[in-house]
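Presented below is the structure to which this report refers.
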Amino acid sequence: MFDPVIEFTADLIAALAQPLNSTALAIILFTLGVRLLLLPLSVMQARGARAQALLAPKVQALKKRHGRDPERLRRELGALYAREKTSLTAGCLPGMAQMPFFMVMYQAFASSTIAGHANALLTHGMFGVPLGQQFASTVAGFGLLSGPTLVFAGLFLLLFAVALVTSRRARRTMGDQVQPEMLRNVMPLLPFGTLLVAAVLPLAAGLYLLVTTAWTAAERAVLYRPALTGH
């Protein structure tokens, strides 16, 4: 049932690749287009985060007052968020909205056939490595110190750099908030999970992951700066 969407995505990337003479560049443009499309949701997320930060003292007061009555607490919190025109789920929208795009992107390069036809995009490459190739099969086929493996190493290095920036920002943000100790320890480590994910994805999906996480890091630096500085 998803074949038409995946086929359309593959055809769109192939169409972008022709004038660029590079499928890898087409993937980057596709990713940037997706994130630009989702930018209004990201702005909504940032506004929601600032609203929740302002409401935090009122939320804590309600929890202290109605902590022993979960149903009353739920109603009071719902009324509070309704008055302030925000919600607890507003911050999840951009991530949830992006998942279908990422899943379609993954299938476009992980499937050997699309709508009953051979997937021609798998024959395209980046620096000589097929975009449908995975890290483990690259090491097995070419060796650990080969050129194709170094392409993946470069991808992992860039993902690590983005994750490091995101992790440091998360530590600063968590340091300004009252959070459980376990959460304060775990949250800065989550960005590095992209390395594990990219290690099992095709090269094309790893490239998408790099571009989208870099966009997220830049986006949060711009959209969340007023909330962090108090302006």
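The values are calculated or read from the model by the stated rules, or taken from the named source; none is laboratory data. The shown structure was predicted, so the numbers you read here are calculated from the model rather than taken from an experiment. In this analysis, Cβ positions are derived from the backbone assuming ideal geometry, glycine residues included, and neighbour counts consider all displayed protein chains.
A few comments on the model shown:
So that you can scan it fast, the table gives a plain yes or no per residue for (1) touching a Leu at 6+ places or on another chain (Cβ under 6 Å); (2) not basic (K, R):
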position: A14; (1), (2): no, yes
position: L29; (1), (2): yes, yes
position: V43; (1), (2): no, yes
position: R65; (1), (2): no, no
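- Some residue of region 132-152 being buried (at least 16 other Cβ atoms within 10 Å of the Cβ), farther than 25 Å from P191 by Cβ and touching a residue at least 40 places away in the same chain (Cβ under 8 Å): yes
- Members of region 8-44 that are polar (S, T, N, Q) and either in contact (Cβ under 8 Å) with a residue 60 or more places away in the chain or surrounded by 15 or more Cβ atoms within 10 Å (Cβ to Cβ) (or both): T9, S22, T23, T31, S42
- A227 satisfies every condition listed in (1) crowded, with 18+ Cβ neighbours inside 10 Å; (2) of a type in the set (A, V, I, L, M, F, W, C); (3) modelled with pLDDT of 85 or more except (3).
- Test: residue in region 177-195 that is of a type in the set (G, A, S), in a helix (DSSP H, G or I), modelled with pLDDT under 90 and under 21 Å from the mean Cα position of the chain (by Cα): no
- Hey, R47 farther than 30 Å from D3 by Cα and modelled with pLDDT under 80 or not: yes
- Residues of region 97-148 that are in a strand (DSSP E or B) and among the small types (G, A, S): A118, G125.
- Each residue in region 31-74 was checked for being over 22 Å from L223 (Cα atoms) and assigned to a helix (DSSP H, G or I), and 15 of them qualify.
- Residues being out of contact with any helix residue (DSSP H, G or I) (no Cβ under 7 Å at 6 or more places or on another chain) and either acidic (D, E) or within 14 Å of Y81 (Cβ to Cβ) (or both) - total across region 39-58: 5
- Some residue of region 78-96 being crowded, with 16+ Cβ neighbours inside 10 Å, of a type in the set (V, I, T) and at pLDDT 80 or above: no
- Flag for L121 being under 30 Å from L37 (Cβ atoms), of a type in the set (A, V, I, L, M), buried (at least 18 other Cβ atoms within 10 Å of the Cβ) and under 21 Å from the mean Cα position of the chain (by Cα): no
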